[in-house]
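**Q** Here's a structure for you.
The values are calculated or read from the model by the stated rules, or taken from the named source; none is laboratory data. Keep in mind that this is a model prediction, so the values were computed, not measured. A quick note on method: Cβ atoms are made from the backbone with ideal geometry, for glycine too, and the neighbour counts reach across all protein chains shown.
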Amino acid sequence: MEKLKALWGLLFCLTLSICVFITLFIGGETKDQHIFALIFSPLCAAFGIFTFINDKRHKKAEERTKELITENKLFTSDAWRQRYLEYKEKHGFDTIHVNGMKADLIMRRRTLGTCCMMIIGTLCLVYFFQQIISGHNGYTEKFYVILPAGIIISLWGFAYFFGFPVRTWIKKMGDEYEDIERSYISGRMVTEGYCGINVGNEYTVMFNETKLYFFPTGSIVDAGKKVIRERSYNTGIYIDTSYKYNVFVQVNQSGIMHTYEVTLNAYKAEMICEVLQGILFHPDDLETKYDETEALDMTII
């Protein structure tokens, strides 16, 4: 599939170049059309060739990275370990809010993006009602765009700011809440964006933007890292390669195996895996899995 995408991007640029040349240079009648065709056509063809070569070059680098990961050489190299130790010494584990687990989880959702949503949504509502009060003609048409947008955006922002998703999660803990909170406060925790994991002596809590999982730490039977390589394309043209670093935890709950994952950065994933390694009494480094995926091909040109 990736080979076809790279070939498609090249063919797209070459075809576009030829079509523009035929339409504007051969079939064009003005000097401006001829000049545009002489400039655009070779540049478009050169761009297609460049992106095709760039795609091949990056694939070679990705194959080398894949080999290092699958052979467990990347995260054990001296250079990487040195950078990791420096990062760990500088940042360490997250500090838990003094008011407990509920306050800590709510605080972590009060990001700049949350505040921006509240402000933008409120401004939309203020603008809409200002138009009604001033009697501005045409406010009825704005109703169908500005009012719903303002309500949705502001409610979303306020919900995150005041922690309504967190309050729902807390209710699901039921009678276990006090035990989970006690373990959470004394646990070791790392977060990245809306994702995080707290490994306590009694319970482990994992969460992302929409869900929270909790389970006894003693029920963990396996854990490790999963590196996910993601390639981005635009109209079949290679744009970029990025890597996600997930921590996966396999849990035995009432005889049923469940696997939970959170996305962190490479260093935080290593930090929490060292904690999990100690809990599992694993003599060697935990398993590192490798996966490949593609981002949705967004056609914008």
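**Q** Within the range 150-173, is even one residue modelled with pLDDT under 75 and closer than 24 Å to E261 by Cβ?
**A** Yes, the range 150-173 contains at least one residue that is modelled with pLDDT under 75 and closer than 24 Å to E261 by Cβ.
**Q** Still on this model: Looking only at residues in the range 60-82 that are in a helix (DSSP H, G or I) and surrounded by 13 or more Cβ atoms within 10 Å (Cβ to Cβ), which one is modelled with the highest pLDDT?
**A** W80
**Q** I would also like to ask the following. Looking only at the range 251-275, which residues are closer than 15 Å to T204 by Cβ and not in a helix (DSSP H, G or I)?
**A** V251, N252, Q253, H258, T259, Y260, E261, V262, L264
**Q** Among the candidates I185, I228, I180, single out the residue that is part of a strand (DSSP E or B) and either among the hydrophobic types (A, V, I, L, M, F, W, C) or modelled with pLDDT of 95 or more (or both).
**A** Working: I185 fails: part of a strand (DSSP E or B); I180 fails: part of a strand (DSSP E or B).
Going through I185, I228, I180 in turn, the sole match is I228.
**Q** Being in contact (Cβ under 8 Å) with a residue 40 or more places away in the chain, closer than 20 Å to L105 by Cβ, assigned by TED's automatic domain parsing to the domain that holds L85 and not β-branched (V, I, T) is true for just one of N201, N208. Which residue is that?
**A** Selected residue: N208, the only one of N201, N208 that is in contact (Cβ under 8 Å) with a residue 40 or more places away in the chain, closer than 20 Å to L105 by Cβ, assigned by TED's automatic domain parsing to the domain that holds L85 and not β-branched (V, I, T).
**Q** For P216, only one of the following conditions fails: (1) under 19 Å from L276 (Cβ atoms); (2) touching a residue at least 60 places away in the same chain (Cβ under 8 Å). What is its number?
**A** Of everything listed in (1) under 19 Å from L276 (Cβ atoms); (2) touching a residue at least 60 places away in the same chain (Cβ under 8 Å), P216 misses just condition (2).
**Q** While we're looking at this one, here's another question. Kindly indicate whether D240 is within 30 Å of L16 (Cα to Cα) and loosely packed, with under 14 Cβ neighbours inside 10 Å.
**A** Judged against the criteria, D240 is a match.
Yes/no per residue for (1) closer than 19 Å to L286 by Cβ; (2) surrounded by fewer than 16 Cβ atoms within 10 Å (Cβ to Cβ); (3) touching a residue at least 12 places away in the same chain (Cβ under 8 Å):
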| position | (1), (2), (3) |
| --- | --- |
| D179 | no, yes, yes |
| Y184 | no, no, yes |
| M189 | yes, no, yes |
| D222 | yes, no, yes |
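**Q** Under 6 Å between Cβ atoms, which residue pairs at least 6 apart in sequence (or on different chains) link something in the range 100-129 that is of a type in the set (G, A, S) with a partner that is modelled with pLDDT under 80 and surrounded by 14 or more Cβ atoms within 10 Å (Cβ to Cβ)?
**A** G121/G150; G121/I153; G121/S154; G121/G157
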